[in-house]
Amino acid sequence: MGGLIIDKQEINKYINYLFIAYAFSFPVSKAAVSLLEFVIFILWVYKGEWNYRYHLLKDNPLILSLSALIILSLISVFWASSLGYALDYISKYYHFLMIFIFYTALEKKYVTNILTAFLMSMLLSELLSYGIYFELFQFKNATVHMPTPFMHHVTYSVVLVFTSTILLSNIFSHEELKSKILSILFFITIVINLFINGGRTGQIVFIVLIATFFLMRIKDKLKAILIATIIIVSTFFIAYNFSNNFNQRVHQLEKGFNKAIYEKDYTDQGGMRISMIMIGTQTFFDNFVLGTGIGNVMKDANHYSTVNNYKTRDMNMFADFHNVFINISVQLGIFGLLIILSIFYSIFTLKIKTREYFILNRMFLIAFVLYSCTHNSIHVMNGMVFFALFAGLFNAIARLDKEEASVLS
């Protein structure tokens, strides 16, 4: 039995190895992610050091904001429409424990390995996506029109764009020509994959991230704007003319918005997005202080649609408002909205010394905020793991930089 006991001095090394596996698993396997989260948590608990961890965690803004979200959510079950539904909903926040573990266990020498593992997994996911698109094989429920093998197409599109910024960062920071060429080729395949998929959210995020990345990375702002404009305009021009999926989705969205604006008909996709924002906002103002509690946020949506004479689909066919800010506001009132804003603000204010990581943190934050405007990003598994992995990673990097600076001073 003695041989099975793990040396506590070695546990942190094993946890960091598992962080690498976790980053690889995120794009390709929910089952592996769940298993790794469990094993990492068990090792983290076994290692102990609770006083040290408490002193680390108690002053971290992101940790405090996440804790406030979970506590307020638990309190809100007392006025939720269904206690069982509310507790089940909140239980899914366990994925955010990884942010706590990253903050107390990450070692800086493993950061590059974590990012590399994520890139390799995205390459695997991308290859499968191309295989589905070109009908080389079938995979689960993915189709030629939605060739996303492991994630919902909205999430996949956003993750693709964030991946492209890691590759751009590598192009600027790597000195070897071979590494630069491989990163450029990978970047091109990522962009093509983005536009043969149906994720319009990611395509909007692409515009914002490419423009922001070059403005942050290049000192000559005129040059940065010129490069970003050329990449964005040429990409969308080529995609519109050569990608049937992109072309059709653009016209589909345009049709939906036109029907909503000119005919007050919100039944198409673009119109439903508009109606959800209007109905969700009204629901929030009618429950401004406490919210409706964690539960079925859509339970009164049809009522609001009828009262306002909105022509919509049956709102009960949707699980939520497809917008984190509206969902949280409806569920938890103004205090919930302030907490979710504080979560994102705490990531924005992270002090990261290494320029590449500082820029990537900004890229992740922008991508996730925009993603959250069109999806319930902090309740679906892939969205939560995406957040836990990279918010946890960058939050921990900031802690390591702070400790390093205090030692040097």
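Every number here is computed from the coordinates shown, using simple stated rules; none is lab data. Worth saying up front: this structure is predicted, and the values here are computed from it rather than measured. When we count neighbours, we look across all protein chains shown, and the Cβ atoms used for this are built from the backbone with ideal geometry, even at glycine.
Along the chain, the longest continuous region that contains none of the chymotrypsin sites (Phe, Trp or Tyr not before Pro) in a DSSP loop with at most 16 other C-beta atoms within 10 Å is 140-287. Helices in the chain that qualify as membrane-span-like (whole DSSP H runs, Cα extent of at least 18 Å along the helix axis, mean Kyte-Doolittle hydropathy of 1.6 or higher) are 61-75, 177-196, 221-242, 324-348. With a simple spin-label model that places each label point 7 Å from the Cα along the Cα-to-Cβ direction, the separation between ASN258 and LEU222 comes to 4.0 nm.
With Rh defined as the Kirkwood radius, the inverse of the mean 1/r over Cα pairs, the Rg/Rh of segment 317-409 is 1.06.
Taking a Cβ cut-off of under 12 Å around ILE99, the surrounding Lys, Arg, Asp and Glu residues balance to a net charge of 0, with basic ones at +1 and acidic ones at -1.
Placing a label point 7 Å from the Cα of ALA405 along the Cα-to-Cβ direction, the residues of segment 332-365 with a backbone N closer than 12 Å are 350-354.
In the chain, helices alone account for a calculated mean residue ellipticity at 222 nm of -24500 deg cm²/dmol, with every DSSP H run of four or more residues adding -39,500 (n - 2.57).
Taking a label point 7 Å from the Cα of HIS145 along the Cα→Cβ vector, which residues of segment 242-275 have an amide N closer than 19 Å to it? Counting only backbone N, you get 242-257, 267-273. The loop-placed trypsin sites (Lys or Arg not before Pro) in segment 81-162, going by DSSP, that have at most 10 neighbouring Cβ atoms within 10 Å of their Cβ come out as LYS140. Taking a ≥ b ≥ c as the square roots of the Cα gyration tensor eigenvalues, the chain comes out oblate, since a/c reaches at least 1.5 and a/b does not exceed b/c.
Using a ≥ b ≥ c from the Cα gyration tensor of segment 1-76 (square roots of the eigenvalues), is it rounded, prolate or oblate, where a/c under 1.5 gives rounded and otherwise the larger of a/b and b/c decides, a/b for prolate? The shape class here is oblate.
Cross-link partners of LYS353 among aspartates and glutamates, defined as those whose alpha carbon lies under 15 angstrom from its own and excluding same-chain residues fewer than eight positions apart: ASP401, GLU403, GLU404.
Legend: residue pairs LYS109/LYS219; LYS109/LYS402; LYS92/LYS402; LYS13/LYS219; LYS178/LYS402; LYS219/LYS351, Cα-Cα distance threshold 27 Å; pairs beyond threshold, LYS109/LYS219; LYS92/LYS402; LYS13/LYS219; LYS178/LYS402.
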